[in-house]
Amino acid sequence: MSDKKSVHGLWSSRWVFVLAATGSAVGLGNIWRFPYITGENGGGAFVLVYLACVVLVGLPIMIAEIIVGRRGRQSPINSMRSLAAEEGLSRRWALVGAMGIVAGFLILSFYSVVAGWSISYIFSIGAGRFAGATIESAELAFEGLISSPFHLLFWHTLFLTLTVFVVGRGVQKGLEKAIKILMPILFFILLLMVFYAAFSGDFRGALQYLFKADFSKLTGDVILIAFGQAFFSLSLGMGSIMIYGAYLAKDVSIPKMALVVGGADTLVALLAGLAIFPIVFGFGLAPGQGPGLVFVSLAISFGHMPWGSFFGALFFILLSIAAWTSAISLLEPVTAWLVERFKWPRPKASAIAGGLAWFLGVGSVLSFNEWEDFVVGGRNYFEWMEFSSTTILLPLGGMFVAIFASMKLANRSVQSEFGLEHPMSYRIWKWSSTYFAPVAVALVLLEGIDLGGVVEYLHKISAENILGLPV
Ligand code: TRP
């Protein structure tokens, strides 16, 4: 019962799992999203809440996901279903897996568009376009990129094709190969960027901004967003880590793996902040300017650095690869499910799922140009994709997995996965994923979901169109 086989294969060693899971976790979430979300939410207090979310909620849920994955040895939907059946629970637990698949599509669709920006920056920086860049020229270049649907679509298509290709080749031949060399190099370049920023930007200002908590900036919304960001950055709540756990050998300690992966992910996010905010303050950029923040500030950085075109191109190559290894983990759960469910060959499953994500992504491409003014409830298409998946679906999915692993599965099954060398760590995990994580997520979701904007909008259109009233 507890030694199911994965039809998709296994990682060839525990280090490959660490690399793959770190590759999944480290991506645009750390280097693009973390700095700009931090900037939009006022800095220090947000960072503090974020770190608390990672430790108190993220790690227990990561452990829960790996436990369920390794015990189920299938796609999230089928792992949840078969474990629920074994324990005599409702088959509806499979819906948690299904919700993850939906979240995965939404995320992959906009993720790929942003990853496309990164690929395009390899070429523009590499060609020296940012040499001596000013704020204006860097902002103009970014605007120029996102205002062209054609360019965005091109890079989006390229990125998804690469992702579909790797996932189509399977766990060992595809995923493992891509990750082994690239992760360490990315880390190294990021350190270099931090040093550069420390010497040429306002490092003190950045430190203060990131680590001095101003609690007057803390609102329900800020906490909700920090929660979402913790899930997004750690790849939790939709099945990425769960399916990577499904390919993990039996004798590996799950809590140790989670600590390493969570630690590496957090370190990279903080390094990204330290590479970017000194430049932001040194050059007088607005920290809250949104998704373009990293692209503008780094372009300025590289534009002034000796060998900047070279290091800049290298950096964006690595960022694109980090995004790639994350996108792979977004596409893997649904691909595995299609293979299990319809017995399709892997390349076909991966291509069909990738095609759907591509299609959903077209809306995100357009929301930076043609559909820019098409705003519903205060958010455009891209922002809705990001918000509904990251801030709502991921925490919800993570909460259910935590409840499932800590309260629904028999203690005996869970302990045989967790290992009992450290009874204390088991107790901490059990406590936090039974009481703390689900309650925290539930409170934050209930408190923070502000659908007021939508209601207002519906009210407005119905007043306009149906009743013919001026609004
Ligand atoms: N964690 C990745 C990043 O930071 C993105 C990602 C990969 C992800 N798999 C996920 C986000 C699953 C949420 C859920 O870029």
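The values are calculated or read from the model by the stated rules, or taken from the named source; none is laboratory data. Keep in mind the model is a prediction, meaning the values are calculated, not measured. So basically every Cβ, Gly included, is an ideal-geometry build from the backbone, and we count neighbours across all protein chains shown. For accessibility, only protein heavy atoms count, side chains too; no ligands or nucleic acids. Shrake-Rupley method; radii C 1.70, N 1.55, O 1.52, S 1.80 Å.
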### Query
Among helices (runs of 4 or more DSSP H) lying entirely in the stretch 150-248, which contain 1 or more residues that are away from the ligand (no atom under 16 Å from the Cβ) and not polar (S, T, N, Q)?
177-180, 182-200, 203-211, 220-233
### Task
Please indicate, with yes or no, whether at least one residue in the stretch 389-408 is free of Cβ contacts under 8 Å to residues at least 60 places away in the same chain, open to solvent by 70 Å² or more (accessible area, probe 1.4 Å) and under 17 Å from Leu89 (Cβ atoms).
yes
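How many residues does the stretch 249-266 hold that are within 13 Å of the ligand (Cβ to nearest atom) and either open to solvent by 10 Å² or more (accessible area, probe 1.4 Å) or under 18 Å from Trp11 (Cα atoms) (or both)? Spell out how you get there, then give the answer.
Initial filter on the stretch 249-266 (within 13 Å of the ligand (Cβ to nearest atom)): 261-262, 264-266.
Pick out the ones that are also either open to solvent by 10 Å² or more (accessible area, probe 1.4 Å) or under 18 Å from Trp11 (Cα atoms) (or both) and you get 261, 264, 266.
Here the count works out to 3.
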### Query
Considering the stretch 281-317 alone, what residues qualify as being under 30 Å from Val102 (Cβ atoms) and either under 16 Å from the mean Cα position of the chain (by Cα) or within 16 Å of the ligand (Cβ to nearest atom) (or both)?
Pro291, Leu293, Val294, Phe295
### Query
Quick one: in the stretch 22-31, which of the residues that are in a helix (DSSP H, G or I) and either at pLDDT 95 or above or under 15 Å from Leu236 (Cα atoms) (or both) is nearest to the ligand (Cβ to nearest atom)?
Gly29
### Summary
Pairing a residue in the stretch 18-33 that is farther than 13 Å from Trp324 by Cα with any residue that is within 6 Å of the ligand (Cβ to nearest atom) and open to solvent by 10 Å² or more (accessible area, probe 1.4 Å), where Cβ atoms lie under 7 Å and the two sit 6 or more apart in sequence or on different chains, gives Arg33/Phe232
### Query
Looking only at the stretch 265-290, which residues are under 30 Å from Val18 (Cβ atoms) and touching a residue at least 60 places away in the same chain (Cβ under 8 Å)?
Asp265, Thr266, Val268, Ala269, Leu270, Leu271, Ala272, Gly273, Leu274, Ala275, Ile276, Phe277
### Query
Has the stretch 76-86 got any residue that is in contact with an Asp or Glu (Cβ under 8 Å, 6 or more places away or on another chain), open to solvent by 20 Å² or more (accessible area, probe 1.4 Å) and modelled with pLDDT of 95 or more?
yes
### Task
Look through Leu19, Leu51, Leu56 and report the one residue that is closer than 30 Å to Ser216 by Cβ, within 16 Å of the ligand (Cβ to nearest atom) and open to solvent by 30 Å² or more (accessible area, probe 1.4 Å).
Leu51
### Message
Whether any residue in the stretch 180-197 is β-branched (Val, Ile, Thr), open to solvent by less than 10 Å² (accessible area, probe 1.4 Å) and within 30 Å of Ala349 (Cβ to Cβ) is what I want to check.
### Response
no
### Message
Tell me yes or no: at least one residue of the stretch 40-52 is at negative phi and not in a helix (DSSP H, G or I).
### Response
yes
### Task
Could you check how many residues of the stretch 321-339 are of a type in the set (Gly, Ala, Ser), within 12 Å of the ligand (Cβ to nearest atom) and touching a Ser or Thr at 6+ places or on another chain (Cβ under 8 Å)?
4
## Note on the structure
Counting only residues in the stretch 100-144 that are farther than 30 Å from Ser388 by Cβ, in contact with a Phe, Trp or Tyr (Cβ under 8 Å, 6 or more places away or on another chain) and β-branched (Val, Ile, Thr), the one least open to solvent (accessible area, probe 1.4 Å) is identified as Ile125
### Task
Mind listing whichever residues of the stretch 101-118 are under 14 Å from Phe231 (Cβ atoms) and of a type in the set (Val, Ile, Thr)?
Ile107
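Within the stretch 189-206, can one find any residue that is under 19 Å from the mean Cα position of the chain (by Cα), farther than 21 Å from Ala405 by Cα and not hydroxyl-bearing (Ser, Thr, Tyr)? Give the steps one after another, and end with the answer.
Within the stretch 189-206, the first condition is being under 19 Å from the mean Cα position of the chain (by Cα), and the residues that meet it are 190.
From the residues that got through so far, the ones that are farther than 21 Å from Ala405 by Cα too are 190.
Filter again for not hydroxyl-bearing (Ser, Thr, Tyr), leaving 190.
Yes: the stretch 189-206 contains one or more residues that are under 19 Å from the mean Cα position of the chain (by Cα), farther than 21 Å from Ala405 by Cα and not hydroxyl-bearing (Ser, Thr, Tyr).
Matching residues to (1) within 14 Å of the ligand (Cβ to nearest atom); (2) small (Gly, Ala, Ser):
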| position | (1), (2) |
| --- | --- |
| Glu65 | yes, no |
| Gly69 | yes, yes |
| Asn78 | no, no |
| Leu83 | no, no |
| Ala94 | no, yes |
| Gly104 | yes, yes |
| Ser109 | yes, yes |
| Val114 | yes, no |
### Summary
Selection from the stretch 296-345 of residues farther than 18 Å from Phe34 by Cα and among the β-branched types (Val, Ile, Thr) yields Ile300, Ile317, Ile328, Val334, Thr335, Val339
